[in-house]
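Notes to accompany the following structure.
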Amino acid sequence: MLIITAPGQGAQTPGFLAPWLEVPGVAERLGTASELAGRDLIRFGTTASAEEIRDTAVAQPLLVAAAIAAASALSGGGPGDAPADAAAGHSVGELAAGVIAGVLAADDAMRLVGVRGTAMAAAAAVEPTGMTAVLGGDQDAVLAAIARCGLTPANVNGAGQIVAAGTIAALEAFAADPPAGARLRPLQVAGAFHTRHMAPAVAALRDAAAGVTVTDPAMTLLSDSDGSAVTTGKEWLERIVAQVAAPVRWDLCMQTMADLGVTAFIELPPAGTLAGLARRALPGVAQLALKTPDQLDAARDLISGHLAEPDGHGHGHLPEWRLIVAPTSGTFRSPPGRGDAAADLGADLGAVTARGGERAVTAPWPAEIIEWLVEDGDPVSEGQPLVRVQPREGA
C-alpha cells in the first residue's frame, strides 16, 4: 500500500523549484497557479531569497503549487491521476493532498491557499506570538509543560518532535523552565500557527471555501486533525478550514498509516521533512523524498512495487475508530460514572477546566467508547486525544 504526502510550511528552500521547470507542462501549471494565488511563484521558487519565501503569504501557495505540479509530473496527467492508495498533507500540504485525492480542483486549491496564506499572515501580525520546537523528552511530560505555560502543542509530529506555540511571553517562560531531557529550538516563523491566535484566518478561509465545489475522495485521505481518514468532501473541507487554528497531529496520521499497512511513502517537493519522520516512526516502510525530477523514475518504480489497488482508488482499509480531543488546554475532569458505555450524540464525556472557565467534552456523533486515554485530573493540551471511540453505523 502506497501513500503520497505533501509537506507543510518550513520545508521550502531557495531555488528548489528550478529543476522542475524543465519538466514539460510544469512551467505552465506554475504560471496558472501564480495568477490564481496572486504571487509570482516561479520567481519565488527559483531566484528568491530565504527571507522572501519565509513570508507566510508566499510560502503557502508556493508549497501547494509545487506539490501539485510534481504530482502531475509523476502521473503524466493531472494531479488527481497520481497513482496512490492514500494521500496526506502536513498543515497547508493538506490542500495538495485534497487535489491528489480528487476532492477539489487544483485551481480551487490555489485560490484557497492564496486566501489562507494572506489571512494567516495578517492574524500573526495582531500580537507578538511564535513557535518553539521541542526535541526529545518524555511526550507526556512535554505536553504537560506546554499546557502549564498556556501554550498549544501546535504540531505533534511524532518521533520526539513537538512544536509549542503561543505568545512570546509564554514561550519565554517555557524556555526558562524546559521539560527534562528536551531541547528547545525557537522557529523563525511569523506567529503561532494552528492555535487560537489564527481564529481570524479561519473566518476568512471559511468565507472563501463557501463557494468551492468538492467531491468525495477517490482514495484514502488522512486528516491532520486526528489522523483519521475522511470519506466525504464536505467533511474534509470543514476540517481543513478549522485546522488553521487547531493542532496538527501528524503523529496520529503516521499511526493510521501503520494501521492501514502502508508499505511505501513518497513525499512531494520540497521533500525531506516528512520522509525523515516516517523513517523513524514507520520502520520497514520504503520512503522516497522526491526532491528533483531525476527521481521520478525511482518514484514510479516504488509505485509499481507497492500500489495495492490497480486504479489507486478505494477505501477498503479505512480504520473505523475516531478520537475525541481536548477543546482547550487545562485539567481534564471525568464525567460522573465514567465507563465504557455507548456515547450518545452530544453525550457528556467530561470537561477541561482552565483559568478561563470550563469547556465541555462531547461526542459529535453516536459512538461506542473503545478506550480512555486520560484520567481524571490529568493536565491536557489543546488537541490532545482524550478518548478513542467507534462511531455507530451511519455516524
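The values are calculated or read from the model by the stated rules, or taken from the named source; none is laboratory data. Since the model is a prediction, treat every value here as computed from it, not as a measurement. Neighbour counts are summed over all protein chains in view; Cβ atoms, including those assigned to glycine, are modelled from backbone coordinates with ideal geometry. Ligands, DNA and RNA are stripped out before the accessible areas are found, and what is left, the full protein with its side chains, is counted by its heavy atoms. Shrake-Rupley method; radii C 1.70, N 1.55, O 1.52, S 1.80 Å.
Which count do you get for residues in the stretch 188-205 that are surrounded by fewer than 16 Cβ atoms within 10 Å (Cβ to Cβ) and assigned to a loop (DSSP other than H, G, I, E, B)?
Of the residues in that region, 1 qualify.
Does residue 359 meet the test of being modelled with pLDDT under 80 and part of a strand (DSSP E or B)? Give the steps one after another, and end with the answer.
Details: modelled with pLDDT under 80: no; part of a strand (DSSP E or B): yes.
Considered against the rule, which asks whether it is modelled with pLDDT under 80 and part of a strand (DSSP E or B), residue 359 comes out as no.
So which helices (runs of 4 or more DSSP H) are wholly in the stretch 35-151 and hold at least 3 residues that are open to solvent by less than 10 Å² (accessible area, probe 1.4 Å)?
Correct list: 56-75, 93-100, 106-124, 139-148.
Among the residues that make up the stretch 54-69, is at least one of them more than 16 Å from residue 113 (Cβ to Cβ) and without any contact (Cβ under 8 Å) to a residue 60 or more places away in the chain?
No, there is no match, as no residue in the stretch 54-69 is more than 16 Å from residue 113 (Cβ to Cβ) and without any contact (Cβ under 8 Å) to a residue 60 or more places away in the chain.
Every residue, every condition in (1) within 14 Å of residue 10 (Cα to Cα); (2) in contact with a strand residue (DSSP E or B) (Cβ under 8 Å, 6 or more places away or on another chain); (3) not basic (Lys, Arg), yes or no:
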site	(1), (2), (3)
23	no, no, yes
26	no, no, yes
29	no, no, no
35	no, no, yes
43	no, no, no
46	no, no, yes
54	yes, no, no
61	yes, no, yes
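Results for (1) at pLDDT 95 or above; (2) more than 20 Å from residue 94 (Cβ to Cβ); (3) out of contact with any Ser or Thr (no Cβ under 7 Å at 6 or more places or on another chain), shown as yes or no for each residue.
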residue	(1), (2), (3)
261	no, yes, yes
294	yes, yes, yes
322	no, no, no
326	no, yes, no
330	no, yes, no
338	no, yes, yes
